[in-house]
Amino acid sequence: MNTLIFKPFIIVLLIANMSALGQTIDYKQKGLDEGESRNFSLAIKYLKQALEDNPDDAEIYFHLGKYSHYIVYDSRPFVEQGNEWSKNEVIKNFEKAIELNPDYKLAYYFLGVEYGVRAFEALKVRDIKQFKSELICGRNSGGYPDWLLEYSRNVLNSCEENAILFLFGDLMINSVSYLQNIERYRTGITAISPFLLERPSYAMLYKKGVPGALIKAPISWTETHIMDMHPYQWRKQIIEIPISDSYMKRYKIPEQNNIMKWELNPDIYTYSLNAGDALLANIIETNKWERPIYFAFGTNGSIYDLNDYFQISGVVNKLLPIKVNNTELIYDLSKTESILLNPSSYNDFSDLAVHNLGYNSEFIPYNYRKLLLDLAQYYYKKGNSEKALSILDKMEKLMPESAHPTSEYLVKEIDKLKDLLNEKQ
């Protein structure tokens with residue numbers, strides 16, 4: 001009799017447990033789905049509910065941190081934004097994800113991002129001490145590993161003194177800021193994030209500069225212009241920029257071509273020029289070739305219709321006042337080879353295998369290898385097969401597959417070039 005009563009009880013208990021487990025998984029998935037739909041407040045709510053039944057799930061903590069970051073910086077104004085939210089809802093969740101899974105690559109990446117935005121929030125109010133403290137925390141958290149700082153040094157070393165350098169993405173702007181402000185490395189270069197140019201508070205930072213942290217950029221817009229930034233009605237227009245005497249001589253430009261005629265197109269959907277792009281154009285105009293201007297790879301020159309004016313210089317593009325396609329000016333060979341073919345440029349490349357930051361870090365080894373492949377192809381087309389082969393050989397030695405595998409696309413392209421070179425031998 002007791003057995004007959006006990007069995008139904010067990011069945012009911014199992015069903016209840018399975019139901020509870022299903023609910024936890026459902027809340028987690030609901031949170032992830034809402035996060036993908038950019039509904040961050042609901043995503044956070046569901047993930048916190050999922051956490052109640054599964055407190056040791058690193059993935060839940062990671063996405064809580066990520067969406068708590070996004071709700072502040074990638075959504076409409078968030079009234080709870082502040083130091084406490086950043087510490088308790090963003091940083092603590094990423095740290096917990098890493099505690100549960102020390103190999104959680106993206107958690108390290110987002111920690112570096114969060115400390116980076118905290119640093120720039122401090123810079124907005126000219127709090128240099130806090131600015132530097134946040135950058136140090138970003139480094140200590142694993143957000144700016146050795147291989148990343150090495151690449152950023154190579155970026156800075158690709159530029160001349162007193163340069164203006166446009167950078168893309170959090171990895172680049174944060175690591176360069178760390179090098180310049182903590183290691184005091186190549187501090188004469190003004191590093192600018194085009195993404196931040198469309199935000200008035202940051203545009204003012206770049207206009208005025210911050211003594212000891214940021215050299216001002218050449219911006220002719222007034223404070224009123226900046227505070228009133230908005231998308232501007234625009235059709236295809238030619239921006240004419242007189243070329244300085246020093247550039248005329250350096251690049252042997254004929255006198256009749258003493259004006260750069262830059263065709264700047266609008267957004268194809270809105271027929272407008274967004275505020276950040278308009279300010280970037282103003283920087284180039286106002287600079288009048290007094291300071292060299294560079295764009296890090298990944299900063300899409302096609303957005304600004306500048307690709308034809310880019311000279312490859314090390315691991316960056318230098319902006320020239322004349323189109324360089326199919327000319328000898330396509331490369332600054334001396335600078336490029338001094339960076340790309342120098343073994344010391346890759347001392348920390350193997351650190352990628354240990355401190356990889358996930359998909360966000362893929363562009364750096366890709367850039368290195370693509371630049372070396374392009375250089376080898378350049379020499380092949382010039383008839384210097386021996387030089388081309390030596391470059392491919394250096395690529396394999398300096399960047400071993402064990403540290404980071406070559407992408408499938410580049411493997412195919414490298415093999416094609418090797419076949420061509422072998423045919424010539």
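Taken together, the values in this text are just the output of simple stated rules run on the coordinates, not laboratory data. It should be emphasised that the depicted structure is a prediction, and the values quoted were computed from it without experimental measurement. Neighbour counts run over all protein chains shown; Cβ positions are idealised from the backbone, glycine included.
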Next on the checklist: For the pairs 335/382; 249/394; 105/208; 236/323, flag any whose C-alpha to C-alpha distance is greater than 28 Å.
Outcome noted: 249/394; 105/208
Checklist entry - According to a simple spin-label model (label point 7 Å from Cα along Cα-to-Cβ), what is the distance in nm between residue 75 and residue 327? => result 5.0 nm
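What share of the DSSP beta bridges in the chain is antiparallel, in percent to the nearest 5?
Around 70 percent antiparallel, to the nearest 5.
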Next on the checklist: Please give the charge dipole size of the chain, origin at the Cα centre, charges +1 on K and R Cβ atoms and -1 on D and E Cβ atoms. Round to the nearest 20 debye.
Outcome noted: 820 debye
Checklist entry - At q = 0.11, 0.18, 0.21 Å⁻¹, what log₁₀ I(q)/I(0) does a Debye calculation on the Cα points of region 19-140 give, no solvent, two decimals? => result -0.38, -0.92, -1.16
Checklist entry - Which of 149, 47, 42 comes first, and how do the rest follow, when ranked by fewest Cβ neighbours within 10 Å? => result 42, 149, 47
Next on the checklist: Assuming 0.36 nm per residue, please report the length gained on full extension of the stretch residue 265 to residue 288 beyond their Cα-Cα distance.
Outcome noted: 6.2 nm
Checklist outcome for this item: Taking r as the C-beta separation of residue 334 and residue 37 and R0 as 56 Å, the FRET efficiency to the nearest 0.05 is 0.65
Item to check | Selection from 108, 411, 200 lying farthest towards where the dipole of the chain points positive, charges on Cβ | outcome: 200
Checklist outcome for this item: Between the residues 293, 247, 168, the Cα farthest towards the positive end of the dipole of region 146-330, that dipole coming from +1 and -1 charges on the beta-carbon of Lys, Arg, Asp and Glu, is from 247
Item to check | Cα lying deepest toward the dipole's positive end in the chain, options 72, 229, 378, charges on Cβ | outcome: 229
Item to check | Beta bridge orientation in region 146-330: antiparallel %, DSSP, nearest 5 | outcome: 75 percent
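Helix-only mean residue ellipticity at 222 nm, the chain, DSSP H runs n ≥ 4 weighted -39,500 (n - 2.57), per residue, nearest 500. What is it?
-17000 deg cm²/dmol
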Item to check | Nearest-20 debye value, region 336-424 charge dipole, Cβ charges on Lys, Arg, Asp, Glu | outcome: 340 debye
Item to check | For region 146-330, size of Cβ-based charge dipole, Lys and Arg +1, Asp and Glu -1, in debye | outcome: 300 debye
Checklist outcome for this item: With Cα springs under 10 Å, the Gaussian network model of the chain assigns the largest mean-square fluctuation among 241, 253, 91 to 253
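What is the chain's relative contact order, in percent, from Cα pairs under 8 angstrom and six or more apart in sequence?
11 percent
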Item to check | Longest segment of the chain lacking chymotrypsin sites (Phe, Trp or Tyr not before Pro) that sit in a DSSP loop with at most 13 other Cβ atoms within 10 Å | outcome: 1-268
Item to check | Packing-based exposure ordering (other Cβ within 10 Å, fewest first) of 239, 268 | outcome: 268, 239
Checklist entry - For labels at residue 233 and residue 256 in the simple 7 Å Cα→Cβ model, what's the distance in nm? => result 3.8 nm
Checklist entry - What is the gain in length, in nm to one decimal, between residue 303 and residue 146 on full extension, counting 0.36 nm per residue of separation less the C-alpha to C-alpha distance? => result 53.4 nm
Checklist entry - Could you give the distance between the Cα centres of region 366-384 and region 172-235, to the whole Å? => result 34 Å
Checklist entry - How much length is gained if the chain between residue 416 and residue 347 is pulled fully straight, taking 0.36 nm per residue apart and subtracting their Cα-Cα distance, in nm to one decimal? => result 22.0 nm
Checklist entry - Using 7 Å Cα-to-Cβ label points, what is the residue 208/residue 222 separation (nm, one decimal)? => result 1.7 nm
Checklist entry - Within the chain, which DSSP H helices have Cα atoms that stretch 27 Å or more along the helix axis and a mean Kyte-Doolittle hydropathy of at least -1.0? => result 2-36, 105-124
